[in-house]
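Here is the structure we will look at, set down as structure tokens.
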Amino acid sequence: MQGIAAGLAATGSVLADGDGWGHMGGWGWGMAIFGWLFMTMVVVLVAWLIWSTTRRAEPGGGTVSRAVELLDQRYARGELNRDQYLEQAADLER
């Protein structure tokens, strides 16, 4: 068994491309590094997409200001009393 392992270790470079197919197009480590960088970029892109679609908008912009506007309208129509309005407005400002 040790003889087989020693023989394989000695001929490792030959066995790496023993069939002559030119694995990885002859790029070797260059293709391995490219693959690692590509997968890293994919993971970063997915994380950024999740972050950008789930983050809460800053106060004074986008989603929060629209919610405050709707809350103001509900209060003006009399759908909310003052305490309800203040409580919900405080929740939106967090």
If you scan the stretch 47-65, which residues turn out to be modelled with pLDDT of 80 or more and surrounded by 10 or more Cβ atoms within 10 Å (Cβ to Cβ)?
47, 48, 49, 50
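Could you check, for the stretch 69-91, whether at least one of its residues is part of a helix (DSSP H, G or I), out of contact with any strand residue (DSSP E or B) (no Cβ under 9 Å at 6 or more places or on another chain), modelled with pLDDT under 85 and not aromatic (Phe, Trp, Tyr)? Walk me through how you get there before you give the answer.
The first filter runs over the stretch 69-91 and keeps only residues part of a helix (DSSP H, G or I), leaving 69-77, 82-91.
Those left that are additionally out of contact with any strand residue (DSSP E or B) (no Cβ under 9 Å at 6 or more places or on another chain): 69-77, 82-91.
Checking which are modelled with pLDDT under 85 leaves us with none.
Checked the stretch 69-91: no residue is part of a helix (DSSP H, G or I), out of contact with any strand residue (DSSP E or B) (no Cβ under 9 Å at 6 or more places or on another chain), modelled with pLDDT under 85 and not aromatic (Phe, Trp, Tyr).
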Taking the stretch 19-46 and keeping residues modelled with pLDDT of 70 or more and aliphatic (A, V, I, L, M) leaves 31, 32, 33, 37, 39, 41, 42, 43, 44, 45, 46
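The values are calculated or read from the model by the stated rules, or taken from the named source; none is laboratory data. Values in this document were obtained by computation on a predicted structure and should not be read as measured data. No Cβ is skipped: glycine too gets one built from the backbone with ideal geometry, and neighbour counts run over all protein chains shown.
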